[in-house]
1. If I ask for residues that are of a type in the set (Gly, Ala, Ser), more than 16 Å from ligand 2 (Cβ to nearest atom) and in contact with a strand residue (DSSP E or B) (Cβ under 7 Å, 6 or more places away or on another chain), which ones from region 91-136 would you list?
2. Within the group Arg104, Arg52, Arg69, which residue is in contact (Cβ under 8 Å) with a residue 24 or more places away in the chain, touching a helix residue (DSSP H, G or I) at 6+ places or on another chain (Cβ under 8 Å) and of a type in the set (Lys, Arg)?
3. Given region 225-274, what strands (runs of 3 or more DSSP E) lie entirely inside it while holding 1 or more residues that are within 16 Å of ligand 2 (Cβ to nearest atom) and among the hydrophobic types (A, V, I, L, M, F, W, C)?
4. Tell me yes or no: at least one residue of region 301-318 is assigned to a loop (DSSP other than H, G, I, E, B), away from ligand 2 (no atom under 15 Å from the Cβ) and closer than 27 Å to Tyr31 by Cβ.
5. What tally of residues in region 353-396 results from selecting those that are closer than 20 Å to Asn336 by Cβ and in contact with a strand residue (DSSP E or B) (Cβ under 6 Å, 6 or more places away or on another chain)?
6. Tell me the residue from Val360, Val373 that is farther than 30 Å from Glu5 by Cα, surrounded by fewer than 21 Cβ atoms within 10 Å (Cβ to Cβ) and at pLDDT 90 or above, please.
7. Quick test for you: out of Gln363, Gln372, Gln382, pick the one residue that is over 35 Å from the mean Cα position of the chain (by Cα) and either among the polar types (S, T, N, Q) or under 18 Å from Val404 (Cβ atoms) (or both).
8. Away from ligand 1 (no atom under 16 Å from the Cβ) and more than 21 Å from Gly241 (Cβ to Cβ): is that true of Lys40 in this structure?
Amino acid sequence: MIWNEVKECMSRDEMRELQGRRLHKVVDYVYHHTPFYRRKLQEMDITPDDIRTVEDIVKLPFTTKQDLRDNYPFGLQAAPQSEIIRIHASSGTTGNPTIVGYTRKDIGVWSECMARCLTSYGVGRGDIFSVAYGYGLFTGGLGVHYGVETLGAAVVPASTGNTEKHVRLLKDLGVTGIACTPSYALHLAETMEKMGVSRDETKLRVGAFGAEPWTENMRKEIEERLGIKAFNLYGLSEIMGPCVSYECSAQHNSHINEDHYLPEIVDPVTLEPLPYGQQGELVFTTLTKEGMPLLRYRTRDLTSLEDTPCSCGRTSVKMTKIVGRSDDMLIIRGINVFPSQVESVLLSMPECAPRYLLVVDRQDNLDTLTVQVEVRQEYFDQGFDTLTPITELEKKISARLKSVLSISAKVQVKAPNSLERSEGKSKFVIDNRNIR
Ligand code: ADP
Ligand code: ZN
């Protein structure tokens, strides 16, 4: 089944023509509604009339997360506040979060794109679909929720947390589909096993997983333990939220809703556009968004694009699995964490030396973060080698990290010069999750 055959199956030429028209329109719109873009375009001596086809996109400026932070909270919003009906924020938590405002039309487009994803997974009317992404500022919960309603299936807004209750609901209500992070899916499987609920006691048959990278091995494990087909769902709040791309029955790479989100791959260093098939940084231009349209937004996600015909009949470009990021951002329990955020917390404390190591692990399918930090010599000399004050310092650092990052980290305070020194570039992060 295909939700919108016209848009998902149009010829490549028709798509490029549509994208060209929409690109001109969005550039014209931001030129007249977003002072930030008007200034940038004027500096580059570009007017909306210079942008007529998709090929013209290379003339446009890039947008970064830093631009959004610098213009916090509403600086890149194009629609007047009276037209905004929803506000989300990205989970990155230091400094200024990224705020995204949506108009009624934006919510409609988002819901339609999400309905396309769900249809592609084989979800339809009659299904009972549980959304176990967090509801709230995070786009995962409400984004998928509206898609399920648009599709006409019954949505169970389970959200995250209280996994045992969720397992009972899955069983009692005969839930057939679920959306959550892949690591939460495995946690759910584990909880079911602990509760003695076998996969055959549920009617689960399909799952939509994303918001963090996952491997083919994780897919196999989820499919096996929950007895379902597991599909990829990709998105980011700056562009819309979950729905930007989705897997189909081929379960190989993800179709992009490219009539709304125009993808490009660029070299992350030179920013030169790269052809299909080559790996680089994924960049999106929103073609229809009203609330906060973005030109050439750098996702920092590394992937490649392919436009070979797909067995499902869709003609849209596909993106391959995300293989990494062009910045050092970590996604821990679905929350964006930059090592520099941890560093700034540590350096704000006089006891800490600027020597630290972040160790990310996955235990019982949930991510854990351990922060090891060396104490400064002068504090150490004052008796910090006795146990009690160290525990207190660890607690203090942990509390401060929690308030800045919104996630709990285990803190281990170390003696001066005890963390391994490496030749050349220091290693600040060890990620043991093995998710690439
Ligand atoms: P949040 O929604 O957590 O506030 P973002 O919207 O910024 O934060 O998160 C989007 C990022 O999450 C993407 O840029 C990508 O790195 C990652 N992501 C989302 N979905 C997937 C997926 N299916 N596979 C791999 N990474 C994903
Ligand atoms: Zn397909």
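The values are calculated or read from the model by the stated rules, or taken from the named source; none is laboratory data. The model shown is predicted, which means the values in this text are computed figures rather than measured ones. Please note: Cβ atoms are built from the backbone with ideal geometry, for glycine as well, and neighbour counts cover all protein chains shown.
1. Across region 91-136, the qualifying residues are Ser91, Gly92, Gly101, Ser130, Ala132.
2. Numbers: Arg104 fails: in contact (Cβ under 8 Å) with a residue 24 or more places away in the chain; Arg69 fails: touching a helix residue (DSSP H, G or I) at 6+ places or on another chain (Cβ under 8 Å).
Within the list Arg104, Arg52, Arg69, the selection yields Arg52.
3. On the way: elements: 229-236, 241-246, 254-256, 261-266.
Output list reads 229-236, 241-246, 254-256.
4. Here is the first cut: in region 301-318, the ones assigned to a loop (DSSP other than H, G, I, E, B) are 304, 307-317.
Among the residues that remain, those that are also away from ligand 2 (no atom under 15 Å from the Cβ) are: 304.
Subsequent filtering for residues that are closer than 27 Å to Tyr31 by Cβ retains none.
No, region 301-318 has no match at all.
5. Going residue by residue through region 353-396, those that are closer than 20 Å to Asn336 by Cβ are 356-362, 365-371.
Next, from what is left, pick out any that are in contact with a strand residue (DSSP E or B) (Cβ under 6 Å, 6 or more places away or on another chain): 356-361, 367-371.
Number of matching residues: 11.
6. Values: Val373 fails: surrounded by fewer than 21 Cβ atoms within 10 Å (Cβ to Cβ).
When all the criteria are applied, what remains is Val360.
7. Details: Gln363 fails: over 35 Å from the mean Cα position of the chain (by Cα); Gln372 fails: over 35 Å from the mean Cα position of the chain (by Cα).
Checking each option against the conditions leaves just Gln382.
8. Details: away from ligand 1 (no atom under 16 Å from the Cβ): yes; more than 21 Å from Gly241 (Cβ to Cβ): yes.
Spelling it out, Lys40 is indeed away from ligand 1 (no atom under 16 Å from the Cβ) and more than 21 Å from Gly241 (Cβ to Cβ).
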